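Colleague: One structure, pasted below without further comment.
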Amino acid sequence: MTNIKNEYRALVANLLQSGQDKDDRTETGTKSLFGRQIVHNMELGFPLLTGKKMYFNHAVVELLWILQGRTDIGYLHENNVHYWDDDYKRSGRKDGTLGPVYGAQWRDFNGYDQLMELIYNISVNPSSRRHIISAWAPHKLKNMVLPPCHYAMQVNINNNKMDLLWVQRSADVFLGLPYDIAMYGLLLELLCHNTEYKPGKLIAQLGDCHLYNNHLKAANEFIYREDTSELPTIKISGDGFKFRGGRENPDVIIPKKKHIQLINYKPLPPIKAKLNVGK
């Protein structure tokens, strides 16, 4: 069975060994590879890296923020998430939002609630090949503080197992990608909660995979650490996703942070690295 710990470590090692020098928007410089896939079998545990401490709250808060269709920076601040701050300042926006980013597209893609339709269609037509959400709205990109890095996802159901694949145009492998992995792992768990389906494979299809040049030392430290911890598990309480409002005014109730519990997480200490934003 494929394990995210091995898959992620191999990706980092591959970038260190074979990554090509490439300029980037932040003017930091990167080691880059294009077109990689990583896979995790959810039966092996929840995909939160243990080779360095991850702050699970960040993944939970950002996912719930997206699921609620929110784009305001205030919600993130209220929940102690600040990594969008520099992009907000760089954008010059003054309205307290990040523009029509992820949540806006998931919940209102030109008037279409993609999340609600996904959950509904999973319940009535589980074998469909159309369980898809897209965050890529070309006509709105210029109004976003940053175009979506992870811009599409698809759910597949077969033999009572649910797989989730997401597509990412740009992966900051050392800092950002581990949180993307955890976020989509949590989404898969939430979609399966209180259904007959079990989480199966979590698959990331990655475009530009890169290590920033000022992350290379940290990445080297990571791959040579001895990580013997087992992956943690997740406990979800409550109803999970729930429909309300009937035909006239349909909506979906989003789970709350208090319903999500991380169990038996025993990571190695954190490894600091700078968040690169650019001008």
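Colleague: Given the conditions (1) closer than 26 Å to GLU43 by Cβ; (2) touching a strand residue (DSSP E or B) at 6+ places or on another chain (Cβ under 8 Å), report the number of the one that ALA137 does not fulfil.
Modeller: For ALA137, the failing item is (1).
Colleague: Scan VAL60, VAL39 and give me the residue that is within 16 Å of the chain's Cα centre (by Cα), surrounded by fewer than 19 Cβ atoms within 10 Å (Cβ to Cβ), at pLDDT 95 or above and within 28 Å of LYS198 (Cβ to Cβ).
Modeller: Going through VAL60, VAL39 in turn, just one is within 16 Å of the chain's Cα centre (by Cα), surrounded by fewer than 19 Cβ atoms within 10 Å (Cβ to Cβ), at pLDDT 95 or above and within 28 Å of LYS198 (Cβ to Cβ): VAL39.
Colleague: Looking at (1) in a helix (DSSP H, G or I); (2) surrounded by 14 or more Cβ atoms within 10 Å (Cβ to Cβ); (3) touching a residue at least 40 places away in the same chain (Cβ under 8 Å), can you tell me which one GLY51 breaks?
Modeller: (1)
Colleague: List the residue pairs whose Cβ atoms are under 8 Å apart, where the first residue sits in region 59-77 and is more than 13 Å from LEU98 (Cβ to Cβ), the second is among the small types (Gly, Ala, Ser) and at pLDDT 95 or above, and the two are 6 or more positions apart or on different chains.
Modeller: What qualifies is ALA59/ALA182; LEU67/GLY103; GLN68/GLY103.
Colleague: Also: Does region 12-64 hold any residues that are on the phi > 0 side of the Ramachandran plot and either touching a Phe, Trp or Tyr at 6+ places or on another chain (Cβ under 9 Å) or small (Gly, Ala, Ser) (or both), and which are they?
Modeller: Restricting attention to region 12-64, the residues satisfying the condition of being on the phi > 0 side of the Ramachandran plot are 27, 29, 35, 45.
Answer for region 12-64, where residues must be on the phi > 0 side of the Ramachandran plot and either touching a Phe, Trp or Tyr at 6+ places or on another chain (Cβ under 9 Å) or small (Gly, Ala, Ser) (or both): GLY29, GLY35, GLY45.
Colleague: Among the small types (Gly, Ala, Ser) and in contact (Cβ under 8 Å) with a residue 40 or more places away in the chain - does that describe any residue in region 196-204? Can you show your working first?
Modeller: If we filter region 196-204 for residues that are among the small types (Gly, Ala, Ser), which is where we start, we get 200, 204.
With the extra rule that they be in contact (Cβ under 8 Å) with a residue 40 or more places away in the chain, the set shrinks to 200, 204.
Yes, because at least one residue in region 196-204 is among the small types (Gly, Ala, Ser) and in contact (Cβ under 8 Å) with a residue 40 or more places away in the chain.
Colleague: Here is a further query. Tally time: how many residues in region 203-226 are of a type in the set (Lys, Arg) and under 18 Å from LEU275 (Cβ atoms)?
Modeller: Final tally of qualifying residues: 1.
Colleague: Right, another one. When you go through LYS217, LYS256, LYS235, LYS201 one by one, which is the residue that is among the basic types (Lys, Arg), within 19 Å of the chain's Cα centre (by Cα) and under 30 Å from GLY19 (Cα atoms)?
Modeller: LYS201
Colleague: Tally up the residues in region 223-253 that are assigned to a loop (DSSP other than H, G, I, E, B), within 14 Å of TYR120 (Cα to Cα) and in contact (Cβ under 8 Å) with a residue 40 or more places away in the chain, please.
Modeller: 3
Colleague: Taking the conditions exactly as written (touching a residue at least 12 places away in the same chain (Cβ under 8 Å), touching a Lys or Arg at 6+ places or on another chain (Cβ under 7 Å) and β-branched (Val, Ile, Thr)), does VAL145 satisfy them or not?
Modeller: So VAL145 fits the description; yes.
Colleague: Let me ask you something else. Hey, ASN80 hits all of (1) assigned to a helix (DSSP H, G or I); (2) exposed (fewer than 15 other Cβ atoms within 10 Å of the Cβ); (3) under 18 Å from the mean Cα position of the chain (by Cα) but one; which does it fall short on?
Modeller: Among (1) assigned to a helix (DSSP H, G or I); (2) exposed (fewer than 15 other Cβ atoms within 10 Å of the Cβ); (3) under 18 Å from the mean Cα position of the chain (by Cα), the lone unmet condition for ASN80 is (1).
One line per residue, one yes/no per condition, for (1) in a loop (DSSP other than H, G, I, E, B); (2) modelled with pLDDT under 95; (3) surrounded by 18 or more Cβ atoms within 10 Å (Cβ to Cβ); (4) in contact with a Cys (Cβ under 8 Å, 6 or more places away or on another chain):
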site: GLY99; (1), (2), (3), (4): yes, no, yes, no
site: GLN105; (1), (2), (3), (4): no, no, yes, no
site: ASN121; (1), (2), (3), (4): no, yes, no, no
site: ARG129; (1), (2), (3), (4): yes, no, no, no
site: ILE133; (1), (2), (3), (4): no, no, yes, no
site: VAL145; (1), (2), (3), (4): yes, no, yes, no
site: TYR151; (1), (2), (3), (4): no, no, yes, no
site: GLN154; (1), (2), (3), (4): no, no, yes, no
site: ILE157; (1), (2), (3), (4): no, no, yes, no
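Colleague: Of a type in the set (A, V, I, L, M, F, W, C), farther than 14 Å from HIS215 by Cα and surrounded by 20 or more Cβ atoms within 10 Å (Cβ to Cβ), is that true of PHE46? Before the answer, list the steps.
Modeller: Working: of a type in the set (A, V, I, L, M, F, W, C): yes; farther than 14 Å from HIS215 by Cα: yes; surrounded by 20 or more Cβ atoms within 10 Å (Cβ to Cβ): yes.
Spelling it out, PHE46 is indeed of a type in the set (A, V, I, L, M, F, W, C), farther than 14 Å from HIS215 by Cα and surrounded by 20 or more Cβ atoms within 10 Å (Cβ to Cβ).
Colleague: Taking the condition of being farther than 17 Å from LEU175 by Cβ and hydrophobic (A, V, I, L, M, F, W, C), how many residues in region 37-62 meet it? Even if it seems obvious, please write down each step before you answer.
Modeller: Here is the first cut: in region 37-62, the ones farther than 17 Å from LEU175 by Cβ are 37, 39-46, 60.
With hydrophobic (A, V, I, L, M, F, W, C) added as a condition, the list becomes 39, 42, 44, 46, 60.
So the answer is 5.
Colleague: Continuing with this model, one more query. I need a count of the residues in region 142-165 that are out of contact with any Gly (no Cβ under 8 Å at 6 or more places or on another chain), within 22 Å of HIS215 (Cβ to Cβ) and hydrophobic (A, V, I, L, M, F, W, C).
Modeller: 1
Colleague: Which of the residues belonging to region 170-212 are in a loop (DSSP other than H, G, I, E, B) and over 15 Å from TYR83 (Cβ atoms)?
Modeller: VAL173, HIS193, ASN194, THR195, GLU196, TYR197
The values are calculated or read from the model by the stated rules, or taken from the named source; none is laboratory data. All figures in this text were calculated on a predicted structure; none of them were measured in a lab. So basically every Cβ, Gly included, is an ideal-geometry build from the backbone, and we count neighbours across all protein chains shown.
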